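Presented below is the structure to which this report refers.
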Amino acid sequence: RTIADAERMLQVTDCAGIAIGRGGLANPWFFRQLVHWVHTGEPGPRGSYEERLRFLERHFERLMDWRGEHMACLQFRKMAAWYCKALRTGKAIQQILVMLDSVNTFQRIVNQLREKGPPTGWSEWDSTDANVAVPAGPIAHW
C-alpha cells in the first residue's frame, strides 16, 4: 500500500517483485511514486490537489459513459469516502457525495472544491494518504 511497504518487502524477502494492493485505489499516483523511488530512492510527490480533482471528475465521467447518470451516482457513492479523505473535503461535502443524486450535484461540489482550493497544510509531499482497509484474513469483517 505504500513505498515503505514495498521497500520492506524487497529487503526482508529479497523477492524479485511485489504485488500492488488496494493502496492504488486511494493513491493512484502510487505507481508513479514507485517508479520514481526505484530510480532515485525517493518516492516523489503524490498527486496534486488539482490532479486529484481531475481524476475524480474523470472517474465520474467514465461511470456516466458506462452506466448512465443514475447508476454512475450510485456507484460513485462507494468511492466518495476515499476521495473525500484524500482531498480532506470535510464531513459536509462527504455526506453530499455519499448520497450523490445527479451530475449537477457532482459538478457543483467539484466546482466548490476547485474554487476553495486545497485545505490548509495540504501538500503533494505529505507522506500520509487515504488508507484503504484490507481484510486480515478469510473471516475478517470490515
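The values are calculated or read from the model by the stated rules, or taken from the named source; none is laboratory data. Values in this document were obtained by computation on a predicted structure and should not be read as measured data. FYI the Cβ positions are ideal-geometry reconstructions off the backbone, even for glycines, and counts take in every protein chain you see. Accessible surface is based on the protein model in full, side chains and every heavy atom, while ligands, DNA and RNA are left aside. Shrake-Rupley method; radii C 1.70, N 1.55, O 1.52, S 1.80 Å.
Brief remarks on what is shown
- Restricting the stretch 1-30 to residues that are at pLDDT 85 or above and in a loop (DSSP other than H, G, I, E, B) leaves a set whose member that is farthest from TYR83 (Cα to Cα) is ASP14.
- Taking the conditions (1) open to solvent by 30 Å² or more (accessible area, probe 1.4 Å); (2) closer than 24 Å to VAL110 by Cβ in turn, ALA16 satisfies each one other than (2).
- Within the stretch 1-12, the residues that satisfy the criterion of being over 14 Å from the mean Cα position of the chain (by Cα) and either open to solvent by less than 70 Å² (accessible area, probe 1.4 Å) or of a type in the set (Gly, Ala, Ser) (or both) are ILE3, ALA4, ASP5, ALA6, LEU10.
- Scan of the stretch 70-102 for residues that are exposed (fewer than 15 other Cβ atoms within 10 Å of the Cβ) and over 16 Å from the mean Cα position of the chain (by Cα), ordered by number: HIS70, MET71, LEU74, LYS91, ALA92, GLN95, MET99, ASP101, SER102
- Matching residues, the stretch 60-82, being in contact (Cβ under 8 Å) with a residue 24 or more places away in the chain and either of a type outside the set (A, V, I, L, M, F, W, C) or touching a Ser or Thr at 6+ places or on another chain (Cβ under 8 Å) (or both): GLU69, CYS73
- Of the residues making up the stretch 31-58, those that are assigned to a helix (DSSP H, G or I) and touching a residue at least 24 places away in the same chain (Cβ under 8 Å) are GLN33, LEU34, TRP37, TYR49, GLU50, ARG52, LEU53, PHE55, LEU56, GLU57.
- Residue count for the stretch 19-59, restricted to those that are small (Gly, Ala, Ser) and touching a Pro at 6+ places or on another chain (Cβ under 9 Å): 2
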